[in-house]
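Enquirer: Pasting in a structure now, in structure tokens, and then I'll have a few things to ask.
The values are calculated or read from the model by the stated rules, or taken from the named source; none is laboratory data. Being a predicted model, the structure only gives us computed values, none of them experimental. Neighbour counts are summed over all protein chains in view; Cβ atoms, including those assigned to glycine, are modelled from backbone coordinates with ideal geometry.
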Amino acid sequence: MRAELLDSNTLRNLAEARDFKEFLEILSKTPYGEELANAEIDVLELEQILNKKFLERLNKIIISSPKEISEFIKDYYIMGLEIKNLKRILRGKFSGMPSEWIARSLIPMRPYLSVNFEELLETKTLEEFVEALKETAYATLSESLRICVEHEVLWPMEARLNGLHVDRIEVSLMNLSPEDRVIVKRVLQTRMDIENLLAADKWGKEFGRQTPPRGYFYRIYGVPLEVLESLIKTRDLEEIIKSLGTPYYQILKPLLEDDVALVRRYLQRYIYEVLRKSKTRSDFAFPAIFFLLTSFENEIENLASIAWGKEQGVPPKKILKYILLPS
Amino acid sequence: MSVVGGVRPTKGFLLEMKKRLSFIERGCEFLKLKRDHLAKELTVALDVLRGRRSKINEKLRDVYEAVITAYLALGPSEVRSQANSIKKTYEIEILPKSVMGVQYPSMKVVSKPKIEGKLDPVLFKAASLMMEVFEEILRLAEFEARAERVADELGKTNRKVNALENIVIPSYKQVIKFIQDKLDEEDLEELVRTKLIGGVIARRGE
């Protein structure tokens with residue numbers, strides 16, 4: 001399966017394609033080619049094809065992995081995709097979008113934690129949506145409903161969904177070996193810390209210096225709450241990110257120029273390198289599997305971004321700035 | 001106005017014409033004042049518009065870059081999904097306003113979409129830049145409509161002033177001169193007649 005990964009030259013060629021048509025021609029010569037039987041697809045349809053391919057690969061690995069690893073993979077990736085779908089339905093119900101419109105944006109997957117996507121799509125209001133999740137692992141979403149409706153915001157429910165995901169990962173993490181747990185915790189902590197800092201910066205921009213309510217940072221890891229609140233109150237971004245040291249300073253540096261997208265790319269690069277270095281132990285052990293899946297996940301995100309860029313005539317230099325080329 | 005046709009060379013008519021001319025000349029002065037004010041208003045408006053347009057073009061470039069970045073970073077499906085969470089659109093009221101008697105549409109934003117607490121930071125940046133530039137475009141459109149109507153009114157006023165100064169007032173003056181001349185002629189004839197008759201009577205008396 002590792003051979004199916006696209007190398008950086010192929011990704012570069014895709015980013016430098018003349019247009020979307022040439023992009024599809026180059027892509028059809030890769031392992032994605034068999035999915036591109038119909039040449040007349042648009043970017044959104046391509047995204048669905050890429051998601052399906054990722055799910056296929058996930059399922060192959062889940063079937064062939066030991067139980068503890070496959071349970072972790074399901075909780076980390078499949079629940080992650082399910083939550084992405086739930087957020088998309090949630091947004092649509094919040095603003096009253098028709099169900100057909102919402103359905104088009106959903107990742108084509110079988111539900112994981114006793115969620116019924118069709119039933120959720122049929123709900124008419126946000127309240128009905130939350131009620132329909134009563135018997136599932138997402139039942140506690142109802143506790144955030146009142147704040148969402150009262151203040152016309154979505155972050156409480158989205159934060160709760162993220163929190164439920166992290167809770168689940170932390171439980172299945174305990175079934176891995178201590179060395180594997182260290183790797184996952186490092187990845188999880190860095191990701192959560194960076195997202196918390198980005199969320200604190202965004203809160204400051206949206207709502208000024210007022211302290212966010214409880215639950216806004218759904219989990220505090222390495223970066224303490226005082227630092228996050230200090231970022232909101234003082235808005236002294238440079239001082240705060242310098243004080244965090246390596247690797248946070250390097251990852252967050254683009255935030256000084258308000259380039260959040262580049263922060264995420266640097267974060268992706270950091271995680272990629274951590275996993276790449278940790279997989280040297282064995283090609284079949286957990287670190288190698290985790291690295292492979294993370295690489296596949298990065299790849300489909302890259303391809304969706306490049307495809308959209310080609311369709312819109314975005315210059316290759318701009319596209320390459322925001323995608324992760326493998327080492 | 002026809003110079004001679006319909007003109008009665010009488011003192012009464014002469015007075016009437018003089019009164020009308022004075023009224024027209026006063027009206028012409030007021031129109032000149034209006035013209036000058038409109039010209040000043042238009043000059044200021046054009047200076048402001050030139051500056052604003054180029055600033056907005058710059059901001060639109062920033063918005064465009066931010067939107068592209070959002071799509072590249074999040075992917076098209078995620079951007080559309082998050083955009084779907086925004087409930088309201090802009091509600092704009094268009095009210096008439098007036099400057100120097102010239103009516104133009106004035107735009108008032110009654111309500112705008114609430115984007116806080118809903119979007120990813122990357123998309124929030126693009127959305128807030130877009131909203132800023134959209135409101136500036138509204139203000140620019142209002143200013144442009146105002147400038148256009150002021151320019152239009154300035155043209156009309158200028159044509160009225162020119163017509164009054166070059167056609168109406170000269171023709172009135174011509175008529176007045178004609179009547180004046182006619183009346184002077186009659187006075188002279190009367191004087192000559194009186195002098196002649198006086199001479200004849202004086203000679204008969206001798």
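Enquirer: Only one residue in A:VAL187, A:VAL227, A:VAL182 is more than 25 Å from A:LYS84 (Cα to Cα), buried (at least 17 other Cβ atoms within 10 Å of the Cβ) and of a type in the set (Val, Ile, Thr). Which one?
Expert: A:VAL227
Enquirer: Take the residues in the range A:190-205 that are surrounded by 19 or more Cβ atoms within 10 Å (Cβ to Cβ) and of a type in the set (D, E, K, R); name whichever of them is farthest from the other protein chains (Cβ to nearest Cβ).
Expert: If we take residues in the range A:190-205 being surrounded by 19 or more Cβ atoms within 10 Å (Cβ to Cβ) and of a type in the set (D, E, K, R), then A:ASP193 is farthest from the other protein chains (Cβ to nearest Cβ).
Enquirer: For the range A:179-189, indicate whether the set of residues that are in contact with a Leu (Cβ under 8 Å, 6 or more places away or on another chain), aliphatic (A, V, I, L, M), in contact (Cβ under 8 Å) with a residue 24 or more places away in the chain and closer than 25 Å to B:LYS114 by Cα is non-empty.
Expert: No, because not a single residue in the range A:179-189 is in contact with a Leu (Cβ under 8 Å, 6 or more places away or on another chain), aliphatic (A, V, I, L, M), in contact (Cβ under 8 Å) with a residue 24 or more places away in the chain and closer than 25 Å to B:LYS114 by Cα.
Enquirer: Is it fair to say A:LEU188 is in a helix (DSSP H, G or I), under 30 Å from B:LYS87 (Cβ atoms) and not charged (D, E, K, R)?
Expert: On the way: in a helix (DSSP H, G or I): yes; under 30 Å from B:LYS87 (Cβ atoms): no; not charged (D, E, K, R): yes.
Spelling it out, it is not the case that A:LEU188 is in a helix (DSSP H, G or I), under 30 Å from B:LYS87 (Cβ atoms) and not charged (D, E, K, R).
Enquirer: When only residues in the range B:4-23 that are outside any helix (DSSP H, G or I) and surrounded by 13 or more Cβ atoms within 10 Å (Cβ to Cβ) count, which is modelled with the highest pLDDT?
Expert: If we take residues in the range B:4-23 being outside any helix (DSSP H, G or I) and surrounded by 13 or more Cβ atoms within 10 Å (Cβ to Cβ), then B:THR10 is modelled with the highest pLDDT.
Enquirer: Can I ask one more? Being closer than 28 Å to A:ASP75 by Cβ and small (Gly, Ala, Ser) is the filter; apply it to the range A:206-230 and report the residue that is farthest from the other protein chains (Cβ to nearest Cβ).
Expert: Only one residue fits best here, namely A:GLY222.
Enquirer: Given the conditions (1) in contact (Cβ under 8 Å) with a residue 12 or more places away in the chain; (2) of a type outside the set (A, V, I, L, M); (3) closer than 27 Å to A:LYS321 by Cβ, which single one is not true for B:THR89?
Expert: With respect to (1) in contact (Cβ under 8 Å) with a residue 12 or more places away in the chain; (2) of a type outside the set (A, V, I, L, M); (3) closer than 27 Å to A:LYS321 by Cβ, B:THR89 is out only on (3).
Enquirer: Mind checking which residues of the range B:142-178 are closer than 30 Å to B:SER106 by Cβ and charged (D, E, K, R)?
Expert: Scanning the range B:142-178 gives B:GLU142, B:GLU144, B:ARG146, B:GLU148, B:ARG149, B:ASP152, B:GLU153, B:LYS156, B:ARG159, B:LYS160.
Enquirer: Starting from the range A:310-327, take each residue that is assigned by TED's automatic domain parsing to the domain that holds A:PHE20 and list its partners that are part of a helix (DSSP H, G or I) and surrounded by fewer than 15 Cβ atoms within 10 Å (Cβ to Cβ), counting only C-beta distances under 8 angstrom and pairs at least six apart or across chains.
Expert: A:LYS310/A:GLU22; A:LEU325/A:SER8; A:PRO326/A:SER8; A:SER327/A:SER8; A:SER327/A:GLU273
Enquirer: A further question follows. Just wondering, is there one or more residues in the range A:37-45 that are more than 13 Å from chain B (Cβ to nearest Cβ) and part of a helix (DSSP H, G or I)?
Expert: Within the range A:37-45, not a single residue is more than 13 Å from chain B (Cβ to nearest Cβ) and part of a helix (DSSP H, G or I).
Enquirer: Just name the residue that is nearest to the other protein chains (Cβ to nearest Cβ) out of those in the range A:299-319 that are buried (at least 20 other Cβ atoms within 10 Å of the Cβ) and polar (S, T, N, Q).
Expert: A:SER305
Enquirer: Restricting to the range A:190-215, and then to whatever is out of contact with any Leu (no Cβ under 9 Å at 6 or more places or on another chain) and closer than 18 Å to A:VAL166 by Cβ, can you tell me which residue is modelled with the highest pLDDT?
Expert: Once the filter is applied, the top-ranked residue is A:MET192.
Enquirer: Would you confirm whether any residue within the range B:32-44 is at pLDDT below 90, exposed (fewer than 13 other Cβ atoms within 10 Å of the Cβ) and part of a helix (DSSP H, G or I)?
Expert: yes
Enquirer: I'm trying to understand the selection: among the residues of the range A:206-224, which are buried (at least 19 other Cβ atoms within 10 Å of the Cβ) and in contact with a Lys or Arg (Cβ under 9 Å, 6 or more places away or on another chain)?
Expert: Within the range A:206-224, A:TYR218 is the sole residue that qualifies.
Enquirer: So, A:SER70, is that one of a type outside the set (D, E, K, R) and not in a helix (DSSP H, G or I) or not?
Expert: Spelling it out, it is not the case that A:SER70 is of a type outside the set (D, E, K, R) and not in a helix (DSSP H, G or I).
Enquirer: From A:LEU55, A:LEU36, grab the single residue that is surrounded by 13 or more Cβ atoms within 10 Å (Cβ to Cβ) and under 26 Å from A:LEU176 (Cα atoms). So that I can check it myself, show each step before the final result.
Expert: Working: A:LEU36 fails: under 26 Å from A:LEU176 (Cα atoms).
Being surrounded by 13 or more Cβ atoms within 10 Å (Cβ to Cβ) and under 26 Å from A:LEU176 (Cα atoms) holds for just one of A:LEU55, A:LEU36, which is A:LEU55.
Enquirer: Separate question: What is the residue count in the range B:72-105 for residues that are within 7 Å of chain A (Cβ to nearest Cβ) and either within 41 Å of the chain's Cα centre (by Cα) or of a type in the set (Lys, Arg) (or both)?
Expert: So the answer is 2.
Let's see how each residue does on (1) crowded, with 19+ Cβ neighbours inside 10 Å; (2) touching a helix residue (DSSP H, G or I) at 6+ places or on another chain (Cβ under 8 Å); (3) free of Cβ contacts under 8 Å to residues at least 60 places away in the same chain; (4) part of a loop (DSSP other than H, G, I, E, B):
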{"site": "A:ARG110", "(1), (2), (3), (4)": "no, no, yes, yes"}
{"site": "A:GLU119", "(1), (2), (3), (4)": "no, yes, yes, no"}
{"site": "A:GLU131", "(1), (2), (3), (4)": "no, yes, yes, no"}
{"site": "A:THR136", "(1), (2), (3), (4)": "no, no, yes, yes"}
{"site": "A:GLU143", "(1), (2), (3), (4)": "no, yes, yes, no"}
{"site": "A:VAL149", "(1), (2), (3), (4)": "no, yes, yes, no"}
{"site": "A:MET157", "(1), (2), (3), (4)": "yes, yes, no, no"}
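Enquirer: Taking the conditions exactly as written (assigned to a helix (DSSP H, G or I), under 27 Å from A:ALA103 (Cβ atoms) and at pLDDT below 90), does A:GLU34 satisfy them or not?
Expert: Here the answer is yes, as A:GLU34 does meet what is asked.
Enquirer: Taking into account only those residues within the range A:271-298 that are within 25 Å of A:GLU47 (Cβ to Cβ) and not aliphatic (A, V, I, L, M), which is surrounded by the most Cβ atoms within 10 Å (Cβ to Cβ)? Give the derivation first.
Expert: The first filter runs over the range A:271-298 and keeps only residues within 25 Å of A:GLU47 (Cβ to Cβ), leaving A:271-272, A:275, A:289-298.
Still in the list and also not aliphatic (A, V, I, L, M): A:272, A:290-291, A:294-298.
Details: A:TYR272: 18, A:PHE290: 24, A:PHE291: 22, A:THR294: 19, A:SER295: 18, A:PHE296: 22, A:GLU297: 17, A:ASN298: 20.
It comes out as A:PHE290.
Enquirer: Output yes when any residue across the range A:74-90 is of a type in the set (Ser, Thr, Tyr), more than 30 Å from B:PRO113 (Cα to Cα) and either more than 9 Å from chain B (Cβ to nearest Cβ) or part of a loop (DSSP other than H, G, I, E, B) (or both), and no when none is. Show your work before the answer.
Expert: Of the residues in the range A:74-90, the ones of a type in the set (Ser, Thr, Tyr) are A:76-77.
After this cut, where a residue has to be more than 30 Å from B:PRO113 (Cα to Cα) as well, the list is A:76-77.
Now drop any that are not either more than 9 Å from chain B (Cβ to nearest Cβ) or part of a loop (DSSP other than H, G, I, E, B) (or both), which leaves A:76-77.
Yes.
Enquirer: Ok, one more. Would you confirm, using the coordinates I've provided, whether B:SER54 is free of Cβ contacts under 8 Å to residues at least 60 places away in the same chain, surrounded by fewer than 18 Cβ atoms within 10 Å (Cβ to Cβ), in a helix (DSSP H, G or I) and of a type in the set (Gly, Ala, Ser)?
Expert: Answer is yes for this residue.
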